[in-house]
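The values are calculated or read from the model by the stated rules, or taken from the named source; none is laboratory data. Keep in mind that this is a model prediction, so the values were computed, not measured. Using ideal geometry, Cβ is built from the backbone for each residue, glycine included, and neighbour counts are taken over all protein chains shown. When the accessible area is computed, the model is the full protein with side chains, heavy atoms only, and any ligands, DNA or RNA have been set aside. Shrake-Rupley method; radii C 1.70, N 1.55, O 1.52, S 1.80 Å.
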Protein chains: 2
Amino acid sequence: MSSNTSLDTAAATTFDVVALCQQARIASRQLAQMGEAEKNQLLLAMADALVAATPQILQQNQLDMQNAVANQLAEAMQDRLLLTSERIQSLAAAVRQIASLPDPVGQIRQLAPRPNGIQVGKMRIPLGVIAMIYEARPNVTADAGALCLKSGNAVILRGGREALNSSLAIAKVLQQVLVAHQVNPAAISVLPVPDRDVLLQLLQQEQYVDLVIPRGGEGLIRFVSDNSRIPVIQHYKGICHLFVDKAADFDKALALLLNGKTQRPGVCNALETLLVHADIADTFLPLAGAALQAKNVEIYSCERSLQHLPTAQAAAADQFDTEYLRLAMSVKVVDSFAAAVAHIEQHSSGHTEVICTQDISRAQRFIKQINSAVVMVNASSRFSDGGELGLGAEIGISTSKLHAYGPMGLESLTTEKYIVIGDGQVRA
Amino acid sequence: MSSNTSLDTAAATTFDVVALCQQARIASRQLAQMGEAEKNQLLLAMADALVAATPQILQQNQLDMQNAVANQLAEAMQDRLLLTSERIQSLAAAVRQIASLPDPVGQIRQLAPRPNGIQVGKMRIPLGVIAMIYEARPNVTADAGALCLKSGNAVILRGGREALNSSLAIAKVLQQVLVAHQVNPAAISVLPVPDRDVLLQLLQQEQYVDLVIPRGGEGLIRFVSDNSRIPVIQHYKGICHLFVDKAADFDKALALLLNGKTQRPGVCNALETLLVHADIADTFLPLAGAALQAKNVEIYSCERSLQHLPTAQAAAADQFDTEYLRLAMSVKVVDSFAAAVAHIEQHSSGHTEVICTQDISRAQRFIKQINSAVVMVNASSRFSDGGELGLGAEIGISTSKLHAYGPMGLESLTTEKYIVIGDGQVRA
């Protein structure tokens, strides 16, 4: 985010955030009334249009890449920023996939009569206007646009400034499809001024915007939460635990450990902490240590684990609150099931926790006692995302319990109203 | 709320809000693990204990009543404040009723296998710690305490200062039952210092409190929303509309009109605005006007209605945004179904809207197009509360779409976590 405040302020005064939000609100009314077939038709047309516009999108992406090189952006960030024909193809495929998902809007549940004969039920409806705040990932522009459209919401996209040209190019394609189908193009808009002051203004538009979803690093999410008058989906970090119980199958435990830690260490559902029941510490820890070492995982361990882990370093005081996001891991021996639960309660980020055990009673207790967003028995923490859990696609993840908890799919972009069908009944 | 800031600050420094919230958080872990039978046993014991403690509660209530008289509190407020043996009986009956409701905690839905064999489902869990901010109504202390307990949440109750002695007396009874059953008494606590600074401190405890539910006037709710770092359930006002369509049955329309406006005009689900389709204005409006006049309802009407309503006054510019909360009503003729929807969209508070029509297509369109929290066909707006809609009991009502929308029962005090049961699966 820019620290050049005087420039930001100048830009902010020339761009009318309120008008953008008002237009989105108006568009949201049209979207809320659209049927599933109509929305799918739009999405499929958008997928085709994205592929057809490949040259124009790549041209704008080139501008972003040139700036990225000039500004010496980190290579990993440059890679996320880069679009290719193949990446635009998979972006279009993701939009088609969203078209294929069932539409939650209009679903009615629990319609049942009350004693006086009125029928009461709940009907799922869109939230209205979503603001999506993310980093320099042009693919999120298409993805989030499609998810919001499918769920009947208007969306205001505010991506990282490094990807602005690419995002605007993608949004232009989506808007052209909207206009061609007589849909208000404000249904999907990109904030064209990526300055902090404009973002701050956006976060004040509680009258027009129903929900803010920030996606990115902890700093971004905290900035958005601290400055928003609109409800914010919060997801600070993922400190995921694997508890290897005394009744664990060691082969499964080692597979879950390696997959959770090493398959993709830089993401939030990777493991950060291994807890081992004291009864099996002397047999399991040497196996775990060797397996982790073979994958070049640094180990920071509690005093009791150290004797079983020749390559480990002693864990510092804050080690068990660390999200490494790399090939490193904390290890601790716990005296009991209760001690494992207590450790997780104290250090968990509320994301995902796993128990490895063959004991059904202890598995049930873990599921009951741990209230993180995703609680697993004998499965890899890496399954903790929308696609793997069957949501089809994911708009974000929430680790706070309000409105949504865990990976968020289409249903998380909706709410339920009550519907009442009577025949003239009045209250006595 | 007190404006004596220096006194408030002094009180705030001597009372440790953070410790209270921490204790509530600890108690919430115990509550989350309690089964339905155990919670019901507690609730039934609490109901008995409240009745048994009638003399002590009435004694403390007398102190509040003496202060109320000394401070010349309005009679309506004095009436809400007053407890009697009968009122304590019905308070206990409400607690027993909550014991009889099904416990949402632990319910599992959509448990289904993914292609790789892991089973994925959602399990309902308590939110954690609820802060309830309300006015001088001692009955809310027992009611909210019981609802939070049944849903497995700890609750911090902060009622109006006028009812503080009564609330503390009631909470003491509930806490004695908790202690007698080896449950942490911090599960239900009353903030003993009713000062604004202490409330402000409470609203900053996002680390320990999961949700704030304010119940009361618009000023209280706005103060809480503006000053809270914790998510707040919002419900500002109820401007409920009755649209009498051209296809309406006039007998039903008149019954809904009178019941909605006059059965209890001071509550949020009472009607404030009558919209009448132009095609029936000259036949229906004289009947409506006479019926309202017979019940002494003041009428503020649009220019076109005036000719049909001899007793009406011309509506001022802001009349259609007014929540009267008394025997007064706005009336407007609309040219079409679409005009009725547009008027509601512009002036609705998102609470409850009613259409009176015999035309099934127009009824369906109204249900689809109006996205207030409760949308009704041929039923009185007065049914828009938790009890009437079948929730059993109500902790509040939300007119913002996040987390909960409409009357909130036990389920609104919970969220869902994902549960995953595997047999050693890892991600490819």
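Pull up the cross-link candidates among the lysines for A:K261, meaning alpha carbon to alpha carbon under 20 Å and not fewer than 8 places away within one chain. The reachable lysines, counting only those whose Cα sits under 20 Å from A:K261, are A:K237, A:K252, A:K295, A:K332. The alpha carbon convex hull volume per residue for the protein assembly as shown rounds to 179 Å³.
In this structure, B:A52 and B:Q30 have a Cβ-Cβ separation that, at R0 = 30 Å, corresponds to a calculated FRET efficiency of about 0.75. For A:Q358, inter-copy separations between label points set 7 Å beyond Cα along the Cβ vector come to 7.3 nm, shortest first.
The spacing between the range B:374-428 and the range B:297-337, judged by their C-alpha centroids, is 35 Å. I need the shape label for the range B:240-383. Rule: rounded when a/c is under 1.5, else prolate if a/b > b/c, else oblate, with a, b, c from the alpha carbon gyration tensor. Cα axes put the range B:240-383 in the rounded bin.
Database remark: amide H of B:E298 closer than 5 angstrom to the amide H of B:A328, B:M329 (H placed geometrically; neighbours at sequence offset of 5 or more, or on other chains; Pro and chain starts carry no H). Note on A:R215: accessible area is roughly 80 Å² with a 1.4 Å probe, heavy atoms of protein only. When all alpha carbon pairs of the range A:347-423 are counted in 10 Å bins from zero, the resulting P(r) reads 17, 40, 26, 11, 5, 1 %. Evaluated at q = 0.21 Å⁻¹, a Debye calculation over the C-alpha positions of the range B:61-111 (equal weights, vacuum) places log10 I(q)/I(0) at -0.80. Modelled this way, with points 7 Å down the Cα-to-C-beta line, the labels at A:Q66 and B:T283 are 7.2 nm from one another. Take every pair of alpha-carbon atoms less than 8 Å apart whose residues are at least six positions apart; their mean separation over the length of the range A:240-383 yields a relative contact order of 33 percent. Counting only protein heavy atoms and a 1.4 Å probe, the range A:204-301 has 35 square angstrom of accessible area per residue. Temperature 4 °C, viscosity 1.567 mPa s: under these conditions the Stokes-Einstein estimate for the range A:303-408, based on its Kirkwood radius over C-alpha pairs, is 83 µm² per second. Geometric descriptor of the range B:130-199, per residue, is 70 Å³ (volume of the convex hull of the Cα atoms).
Stokes-Einstein, applied to the Kirkwood radius of the range A:91-184 over Cα pairs at a viscosity of 1.306 mPa s and 10 °C, places its translational diffusion at 104 µm² s⁻¹. Counting protein heavy atoms only, chain B has 50 percent of its accessible area on carbon and sulfur, 1.4 angstrom probe.
Both chains summed, the buried accessible area for B and A stands near 5800 Å², from protein heavy atoms and a 1.4 Å probe. Each Cα pair under 8 Å and six or more residues apart adds its separation to the average, and for the range B:1-155 the resulting relative contact order is 31 percent.
Of the residues A:P113, A:A93, A:L82, the one whose Cα sits farthest toward the positive end of the charge dipole of the range A:43-114, with +1 on the Cβ of Lys and Arg and -1 on the Cβ of Asp and Glu, is A:P113.
A Förster radius of 51 Å combined with the Cβ-Cβ distance from B:E75 to A:V18 puts the calculated FRET efficiency at roughly 0.70. If a/c stays under 1.5 just call it rounded; otherwise compare a/b with b/c (prolate if a/b is bigger, oblate if not). Do that for chain A, with a ≥ b ≥ c from the square roots of the Cα gyration tensor eigenvalues. Oblate, because a/c is 1.5 or more while a/b does not exceed b/c.
Size check on the range B:15-135: the Cα extents along the three principal axes, sorted descending, read 71, 33, 25 Å. Near the amide H of A:L111, within less than 5 Å, lie the amide hydrogens of A:K122, all on another chain or at least 5 residues away, with H placed in the peptide plane. For a straight C-alpha distance cut-off of 29 angstrom, the lysines reachable from A:K39 (same-chain residues fewer than eight places away being disregarded) are A:K122, A:K150, A:K172, A:K417, B:K122, B:K368, B:K401. Interface burial in the range A:326-367, defined as at least 10 Å² less accessible area with all protein chains than with the chain alone at a 1.4 Å probe, covers A:E345, A:I367.
Relative contact order for chain A: 18 percent, from Cα pairs under 8 Å spaced at least 6 residues apart, divided by residue count. Describe numerically, in nm with one decimal, the distance between label points set 7 Å from Cα along Cα→Cβ at A:R114 and at A:L220. Here the modelled spin labels are 4.6 nm apart. Contact residues in the range B:217-255 by the 30 Å² criterion (accessible area, 1.4 Å probe, full protein complex versus chain alone): B:D226, B:R229, B:K252.
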